[in-house]
1. Yes or no: residue A:78 buried (at least 18 other Cβ atoms within 10 Å of the Cβ) and within 16 Å of DNA strand D (Cβ to nearest atom)?
2. Here's a check for you: in the stretch B:1-56, which residue that is within 14 Å of chain A (Cβ to nearest Cβ) and assigned to a helix (DSSP H, G or I) is nearest to residue B:146 (Cα to Cα)?
3. Out of the residues in the stretch B:83-100 that are among the acidic types (Asp, Glu) and closer than 17 Å to residue B:33 by Cα, state the one that is surrounded by the most Cβ atoms within 10 Å (Cβ to Cβ).
4. With the structure loaded, tell me whether residue B:7 is crowded, with 17+ Cβ neighbours inside 10 Å and either more than 30 Å from residue B:134 (Cα to Cα) or touching a residue at least 24 places away in the same chain (Cβ under 8 Å) (or both) or whether it fails that test.
5. Out of A:19, A:58, which single residue is over 21 Å from the mean Cα position of the chain (by Cα), surrounded by fewer than 12 Cβ atoms within 10 Å (Cβ to Cβ) and within 12 Å of DNA strand D (Cβ to nearest atom)?
6. Of everything in the stretch B:57-72, what is within 14 Å of chain A (Cβ to nearest Cβ) and either within 16 Å of DNA strand C (Cβ to nearest atom) or touching a helix residue (DSSP H, G or I) at 6+ places or on another chain (Cβ under 7 Å) (or both)? Give them in sequence order.
7. Cβ-Cβ distance below 8 Å, separation of 6 or more or different chains: which pairs start in the stretch A:33-58 with a residue that is closer than 17 Å to residue A:2 by Cβ and end on one that is loosely packed, with under 15 Cβ neighbours inside 10 Å?
8. Look at residue A:77 and say whether it is part of a helix (DSSP H, G or I), at the interface with chain B (Cβ under 9 Å from one of its Cβ atoms) and under 19 Å from residue A:50 (Cα atoms).
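Computed from the coordinates by the stated procedures, all read-outs in this text should not be read as laboratory data. Please read these numbers as outputs of a predicted model, since none were measured by experiment. Cβ placement follows ideal geometry from the backbone for every residue including glycine, while neighbour counts extend to all protein chains displayed.
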2 protein chains.
Amino acid sequence: MFREKGYAGTSMRDLANAVGIEAASLYNHIKSKEDLLLQICVAVAQDFFDALDEVKNVEMPAEKKLALVIEKHVAIVTQNLDGAAVFLHEWRFLRKDNFDRLKNIRKKYRQEFQTIVQAGVEEGVFRNINPKLYSLSVLSALNWIYDWYKPNGELTPSELAKQFSYILLEGLKK
Amino acid sequence: MFREKGYAGTSMRDLANAVGIEAASLYNHIKSKEDLLLQICVAVAQDFFDALDEVKNVEMPAEKKLALVIEKHVAIVTQNLDGAAVFLHEWRFLRKDNFDRLKNIRKKYRQEFQTIVQAGVEEGVFRNINPKLYSLSVLSALNWIYDWYKPNGELTPSELAKQFSYILLEGLKK
DNA sequence: CCTACCGATCGGTAGG
DNA sequence: CCTACCGATCGGTAGG
């Protein structure tokens with residue numbers, strides 16, 4: 001519901017209605033509307049970091065590592081389209097402390113992604129591109145998947161990931 | 001303000017306050033809050049289509065054409081970060097008819113972009129990638145620029161566009 | 001462009 | 001998990 005109507009556009013009464021209770025009763029389950037948003041964001045963030053940690057320190061060629069991270073990222077987004085959308089878009093409605101907390105989490109993820117790219121550049125297996133710009137672009141493309149991906153469409157998540165890696169690594173030009 | 005606080009999170013009183021008048025007075029300038037959102041979205045959409053039309057039917061290699069469209073797209077986003085953000089994110093708060101209208105506009109732009117990619121594939125100058133997936137990914141990366149681009153940062157829009165084209169066309173792998 | 005105001009709705013609490 | 005309710009705020013209108 002946060003994804004579809006936006007955080008600000010979703011009322012406690014909307015949420016309560018969706019689960020068949022009164023708005024006031026929701027406060028037996030959650031601390032506040034914002035806390036609910038926080039919980040969603042933190043949970044999704046955890047998924048991303050768990051995936052990253054599985055790959056981060058494994059010894060493998062930069063090319064393989066990047067492809068693997070992309071695959072895992074795609075898997076998380078496609079398996080939880082709503083959660084991903086909220087984590088990526090609605091997190092900014094958190095207030096002060098929670099806002100800063102999520103901002104840092106997002107930054108850290110991007111940086112770890114960037115480290116993998118950078119390693120490939122330094123090893124000489126990747127072209128001499130701008131690792132930061134590259135990482136931002138790739139993550140943008142990956143993150144936007146939630147906006148158009150249809151779970152029952154023609155593309156499976158793993159095929160999607162494969163095509164992504166291919167495009168990114170090989171380039172468009174023949 | 002729509003960008004920063006979101007459409008739903010921005011009140012008429014917020015807007016009025018920003019221009020130093022009362023909320024009620026805003027209605028001498030705009031029809032409604034939604035109409036204001038619509039105007040912003042339509043104006044930005046027009047920018048994108050104007051740019052596309054300048055390139056669309058010009059005779060040039062697919063590779064050049066794609067690079068040119070990317071350059072123009074980047075220029076529009078970087079020159080109007082707020083507008084781009086609203087066009088890309090807040091448009092969905094439009095109701096029914098306007099929502100559908102914008103949805104079609106966005107789809108049409110993506111399709112025209114895709115046509116350029118497809119032409120390159122058919123001419124054999126591009127690899128045999130999935131044009132739709134490719135277009136979605138590139139546009140995602142381009143659209144997300146508004147999220148991190150700093151006007152006074154190290155990258156000029158044209159340099160940004162150049163690096164983008166390079167990465168996309170040549171690929172990451174050496 | 002203002003004051004004054006409308007009915008509706010907001011997140012949340014009290015008390016059971 | 002409910003009823004009843006709080007003060008605040010919402011988009012918008014009437015009338016000047």
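1. On the way: buried (at least 18 other Cβ atoms within 10 Å of the Cβ): yes; within 16 Å of DNA strand D (Cβ to nearest atom): no.
It is false that residue A:78 is buried (at least 18 other Cβ atoms within 10 Å of the Cβ) and within 16 Å of DNA strand D (Cβ to nearest atom).
2. Narrowing the stretch B:1-56 to residues within 14 Å of chain A (Cβ to nearest Cβ): B:1-11, B:14, B:33-34, B:37.
Filter once more, keeping what is assigned to a helix (DSSP H, G or I): B:2-5, B:14, B:33-34, B:37.
Values: B:2: 14, B:3: 10, B:4: 12, B:5: 15, B:14: 23, B:33: 23, B:34: 22, B:37: 18 Å.
The extreme case among them is B:3.
3. Step one: list which residues in the stretch B:83-100 are among the acidic types (Asp, Glu), which gives B:90, B:97, B:100.
Restricting the remaining residues to those that are closer than 17 Å to residue B:33 by Cα gives B:90, B:97.
Details: B:90: 19, B:97: 9.
If we take residues in the stretch B:83-100 being among the acidic types (Asp, Glu) and closer than 17 Å to residue B:33 by Cα, then B:90 is surrounded by the most Cβ atoms within 10 Å (Cβ to Cβ).
4. Values: crowded, with 17+ Cβ neighbours inside 10 Å: yes; either more than 30 Å from residue B:134 (Cα to Cα) or touching a residue at least 24 places away in the same chain (Cβ under 8 Å) (or both): yes.
The answer is yes for residue B:7.
5. Working: A:58 fails: within 12 Å of DNA strand D (Cβ to nearest atom).
Just a single option satisfies the conditions, and that option is A:19.
6. Within the stretch B:57-72, the subset within 14 Å of chain A (Cβ to nearest Cβ) is B:61-67, B:69-70.
If the condition is that a residue be within 14 Å of chain A (Cβ to nearest Cβ) and either within 16 Å of DNA strand C (Cβ to nearest atom) or touching a helix residue (DSSP H, G or I) at 6+ places or on another chain (Cβ under 7 Å) (or both), then B:62, B:63, B:65, B:66, B:67, B:69, B:70 are the ones that fit.
7. Every condition considered, the pairs that remain are A:34/A:95.
8. Working: part of a helix (DSSP H, G or I): yes; at the interface with chain B (Cβ under 9 Å from one of its Cβ atoms): no; under 19 Å from residue A:50 (Cα atoms): yes.
The answer is no for residue A:77.
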